[in-house]
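Notes to accompany the following structure.
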Amino acid sequence: MSIAKKVLIGAGCVGVIGAAIGTAYGIKVNNMKNASMNEVTLECGQEITVDKFFENVPSDVSFITDISQIDINKEGSYQISINNGGYVTKSILNLKDTTPPAADPVPQDAYVNQLPDPNDCITNIVDAHDVKVEFEEGVDQKINAPGGVKIGIVLTDSCNNKTTIEVPFNIVEDNFAPMIKGVTDYEFEVGEFQSGGFNFLDGITCEDDYDKNPTLTVDDSKVDFSKEGEYVLTYSSSDAAGNGREVQAMVLVTGKPTATPTPTVTPTPKPNDKREKKPKKPTATPTPTPKPSDAGSHRRKSTPTPTAKPTSAPSSDKTGKTTKAKEAVAKARSVLKGITTSSMTKEQKAFKGVWWCHKYIKYNHNASDESSWAKSALTGFKTKRANCFGYYACCKAIFDSLGIANRQVHRVGGAKHFWNLAYLNGGWYHCDSTPFRGAGVKFCFMMTDANVKAAKGCHWFTSGSYPKRSTKDVQKYLNYSAGTISKNMPKPKATKTPTPKPTAKASSTAKPSAAAKTSTPAKPTATATATAKPTATATAKPTATATANAAPSQEPKD
């Protein structure tokens, strides 16, 4: 056989074999393609797994494409290569968002014609994309009158999938502006504070019937502490419904008191001095007093003794009629005006006043002038700083402004401490607005002896030095947090307010003797004068001895 013929035969055999192999490979690849899906669509956010590309999952398949590089939360189309038992198949992956957002409703309280932020009306939003939150159309027609209503909140994602959540609304009509309480006038000396150095909001409160957090501001821009004058403070309040209120107060800035000039001493003229002598002031001629007999050595000397008219026991500690005392009482009335109403009883107003002192005056050991209750009270009301004497003084001003009899009580044993005894609801009770560590909002008001001894503050006192206290416990009727008294507190029987009696009676020598009562001259006795005239003891009016033994007020004088 020729060589050429052999070559042709060999080439033909190779071709036949190659064709057979090619045919077999084509069949295998075609089988793989038919086994996988040409196109797969998944929801955004759904995990991409190889089994999602086959109807019947082969035993040995894996992704050739790096699936981790695909953002499953975004829509898009991707070509995916898969290794199927050593062979490569390809599919198209489509990511789409067809699921609307989901969320939970949050019930709302709103005012007529006012809507909250729609985002505050829902919670727990679930969606693969950003979601826009807005009110449904026509919502204005649902909020123009008070009452209960459901309002739709529309959620729309970036793929334009929408859902509506029904939210319950309670529509309220609010036309009442927040109340501003505790506003008082102020008085300062020039230079006492720098501009902005005094907090005019300290002790001022703001309350509203619906809004739990009303806004309170004060405009003190007109106050100039460097110049004398009267300045206006303006307090402003507002609530979520748009209601507003303004209250004004006066600030008086006065000049500092000037030093009293030293009086010029006029030299006393010598005996030979020819200058005209100033006439002496006339000396009052003493009333002649009968000389005592030899047997009357126990009587007073003939030197005239100033006499004092007997005075009735005071119903209260010395209120005083000084200017400072009047100012203190006026300031107390101003405080009460901002925290009480005309319908309140005296006891309710008194409790509110003592509550105010406890809540808004801060303790400062050196804040009060203990030489004068009136000065101390004015300092406490003005600076809202006081020690225990200052708290006593401010409460005294409160009681005096209400016409309530009151006394000062002081601690015996231990460090000094002062508090009030006040005649309330038909009896004398202990009252102390001083804050004590560990007492919280609790202070002392209308406390019996047993109550006050059990309270914080070591209220030790001499029982017999004060009017008899009530033993009726009324503490269960008092709300110390709010400063209010329950209407269920029993009312006392209508009786006249008792007046505390002096602790000692007048001296018996102040009474006329028996001789003064007898119309017929008595025979001379060991105690009568030779002329049988009434003795000095018989005619003398009660002297200072009559009141000297009365229990003195323990309160410093103005």
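Could you tell me the calculated FRET efficiency between Asp473 and Asp209, based on Cβ-Cβ distance and R0 = 45 angstrom, to the nearest 0.05? Mind dumping the intermediate values first?
Details: r = 34 Å, r/R0 = 0.76.
The pair Asp473/Asp209 has a calculated efficiency of 0.85.
How much net charge surrounds Gly390 when only other residues with a Cβ under 12 Å from its Cβ are counted (Lys, Arg +1; Asp, Glu -1)?
Working: positive: Lys362, Lys375, Lys382, Lys384, Arg385, Lys396; negative: Asp369, Glu370.
Its environment carries a net charge of +4.
List, in the order given, every pair from Lys222/Lys384; Lys337/Lys442; Lys396/Lys472; Lys74/Lys132 whose Cα-Cα distance in the structure shown is over 19 Å. Don't skip to the end; give the middle numbers.
Values: Lys222/Lys384 22 Å; Lys337/Lys442 23 Å; Lys396/Lys472 22 Å; Lys74/Lys132 17 Å.
Correct reply: Lys222/Lys384; Lys337/Lys442; Lys396/Lys472.
Cβ under 10 Å from Val251's Cβ, Val251 left aside: what net charge do those residues give with Lys, Arg +1 and Asp, Glu -1? Could you put the intermediate results ahead of the total?
Working: positive: Lys222; negative: Asp185, Glu187, Asp220, Asp224, Glu230.
Here the count lands on -4.
Based only on Cα atoms, what mean projected area does the convex hull of the stretch 179-254 have, in nm²?
Working: hull surface 19.2 nm².
Mean projected area for the stretch 179-254: 4.8 nm², to one decimal.
May I ask you to sort Trp428, Trp460 by Cβ crowding, counting other Cβ atoms within 10 Å and putting the fewest first? If you can, show how the numbers build up before the last one.
On the way: Trp428 22, Trp460 13.
Exposure proxy ranking, most exposed first: Trp460, Trp428.
What aspartates and glutamates could a cross-link reach from Lys487, if we take a straight Cα to Cα line under 19 Å and drop same-chain neighbours fewer than 8 places away?
Qualifying aspartates and glutamates at Cα under 19 Å: Glu347, Asp473.
What residues have an amide H closer than 5 Å to that of Ile64, excluding those fewer than 5 places away on the same chain, when H is modeled at 1.01 Å from N in the peptide plane?
Under 5 Å from the amide H of Ile64 lie the amide H atoms of Ser81, Ile82, Asn83, each far enough along the sequence or on another chain.
At a temperature of 37 °C and a viscosity of 0.692 mPa s, determine how fast the stretch 44-162 diffuses translationally according to Stokes-Einstein, using the Kirkwood radius over alpha-carbon pairs as Rh; express D in µm²/s, rounded to the nearest whole number.
So the translational diffusion coefficient is about 183 µm²/s.
The stretch 324-340 to the stretch 80-130: how many Å between their Cα centroids?
Answer, in whole Å: 64.
Sort Leu155, Leu424 by Cβ crowding within 10 Å, fewest neighbours at the top.
Details: Leu155 22, Leu424 25.
Result, fewest neighbours first: Leu155, Leu424.
Multiplying the sequence separation of Lys326 and Leu42 by 0.36 nm and subtracting their Cα-Cα distance, what value in nm do you get?
Gain in length upon complete extension: 93.6 nm.
Order of Trp355, Trp373 from fewest to most other C-beta atoms within 10 Å? Working shown, then result.
Working: Trp355 22, Trp373 31.
Listing Trp355, Trp373 from fewest to most nearby Cβ atoms yields Trp355, Trp373.
If you add up the charges near Gly182, with Lys and Arg at +1 and Asp and Glu at -1, over every other residue whose beta carbon is less than 13 angstrom from its beta carbon, what do you get? Numbers along the way, then the final one.
Values: positive: Lys181, Lys331, Lys337, Lys352, Lys359, Lys384; negative: Asp185, Asp202, Glu207.
Taking every Cβ under 13 Å from that of Gly182, the sum is +3.
Tell me, what is the percent relative contact order of the stretch 359-455, built from C-alpha pairs under 8 Å that lie six or more residues apart? List each step's numbers first, then the result.
Details: 167 pairs, mean separation 18.3, N = 97.
Once normalised by length, the contact order is 19 percent.
Rule-based calculations on the coordinates, nothing more; no lab input. On a predicted model such as this, the values are computed, not experimentally measured, just so you know. Neighbour counts run over all protein chains shown; Cβ positions are idealised from the backbone, glycine included.
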